[in-house]
Amino acid sequence: MSQVNWDQFQPESMKKKVDYHEYMASRKWSYTKDTMRLRNPKCERCFCNDSKIIHHLTYKNVGYEKRQELMAVCRECHDFNHAKKGLDPLSNTSFFFAGKIKALAGDWRLPFFDNEFKDRYVSIKGTTFGFPYSSLPSMPVVNVSAKELNFKYSGPFYSDCHGGLDIGNGHGDYSKIVSACEFWVLRADALFAFIDDLTAFGSIAEIAFAHKADKPILLAYSSEDIAKEMNFITSMAKRATINNDPIDAFIDLCEGKPSNMIEGTKTFHIYEDYQLVVCNGSDYFEP
């Protein structure tokens, strides 16, 4: 059995300088690419197209990359990231937004949406996205944007019950609401959850729906204290971060910014497999 090359784990000052072009032609990089594509058949950015290219999120550790510094992406996302194309593939990705539901003024989802969306989909009664039961669960997937990041919104949409919220406030037919939420999660390409309240029990169920359906899960916690209580659902996530700004957190998670990632997610779960395949043999480190 070949031995692990422990140079991989040496301090920065002891690592050999790697020529980028030689490294791109090396056996180690070939194994890295094959392993990443095997573990991530779908693009880790748009979650729709097949992954084709391994994208460096940072070039700081070229030759000694950590798993969270790489992303398996489709050619379209790679070209967009390198400014070769103007159309962002993420604009075709639909997200379900899990998280605590609050009254209109305090719901974290509203800053994501422009006035056209609000005029059409937000109830004037002071609740968020109020609709009669007859419209559930068949609400449309809606085009929205956040800080020039375009995507599709799959749900949830909420049923208005005498000025209250049927999801989270104890009103309405919960069996229908649960079925609607499951429907919206299953039709989405991915789930984004912003957890700013430890009583977001319905959101945990929605995350479980997504996990069972093998949907990518992006988690954002508003504080470290909340994140510490959520290790169980963190382990289900593709990526997770601590950020009290939902829009910034959403963008960071979609782009996979390594400095903001929480360990314990699926990205870190496959890190050992990645190390065993890529690092198991010193010859993999030679161009």
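The values are calculated or read from the model by the stated rules, or taken from the named source; none is laboratory data. Only a predicted model underlies this, so the values are computations on that prediction, with no experimental measurement involved. Ideal geometry is used to build each Cβ from the backbone, glycine not excepted, and the neighbour counts take in all protein chains shown.
Within the range 36-54, the only residue that satisfies the criterion of being in a helix (DSSP H, G or I) and surrounded by 21 or more Cβ atoms within 10 Å (Cβ to Cβ) is M36.
Could you list, in sequence order, all residues of the range 140-154 that are among the small types (G, A, S), surrounded by 16 or more Cβ atoms within 10 Å (Cβ to Cβ) and under 13 Å from F113 (Cβ atoms)? The answer is A146, and nothing else. If I filter the range 77-86 for residues that are surrounded by fewer than 19 Cβ atoms within 10 Å (Cβ to Cβ), under 26 Å from the mean Cα position of the chain (by Cα), in a loop (DSSP other than H, G, I, E, B) and modelled with pLDDT of 80 or more, do I get at least one hit? Within the range 77-86 (the criterion being surrounded by fewer than 19 Cβ atoms within 10 Å (Cβ to Cβ), under 26 Å from the mean Cα position of the chain (by Cα), in a loop (DSSP other than H, G, I, E, B) and modelled with pLDDT of 80 or more), the answer is yes, since at least one residue qualifies.
In summary, T127 fulfils each of the numbered conditions (1) modelled with pLDDT of 70 or more; (2) closer than 30 Å to I242 by Cβ; (3) out of contact with any Lys or Arg (no Cβ under 7 Å at 6 or more places or on another chain); (4) not in a strand (DSSP E or B) with the single exception of condition (1).
Considering only the range 48-63, I want to know if a residue exists there that is within 25 Å of S203 (Cβ to Cβ) and either of a type in the set (F, W, Y) or modelled with pLDDT of 80 or more (or both). Looking through the range 48-63, at least one residue is within 25 Å of S203 (Cβ to Cβ) and either of a type in the set (F, W, Y) or modelled with pLDDT of 80 or more (or both). Among the residues of the range 56-103, write down those that are touching a helix residue (DSSP H, G or I) at 6+ places or on another chain (Cβ under 8 Å), touching a residue at least 60 places away in the same chain (Cβ under 8 Å) and of a type in the set (S, T, Y). Within the range 56-103, T58, S94 meet the criteria. Selection of strands (runs of 3 or more DSSP E) fully inside the range 141-206 by the criterion of at least 3 residues being at pLDDT 75 or above and in contact with a strand residue (DSSP E or B) (Cβ under 9 Å, 6 or more places away or on another chain) returns 142-146, 149-155, 190-195. Out of all the residues in the range 207-243, which are part of a loop (DSSP other than H, G, I, E, B) and within 12 Å of E263 (Cα to Cα)? Once the filter is applied, which keeps residues that are part of a loop (DSSP other than H, G, I, E, B) and within 12 Å of E263 (Cα to Cα), the range 207-243 yields S235, M236, A237, K238.
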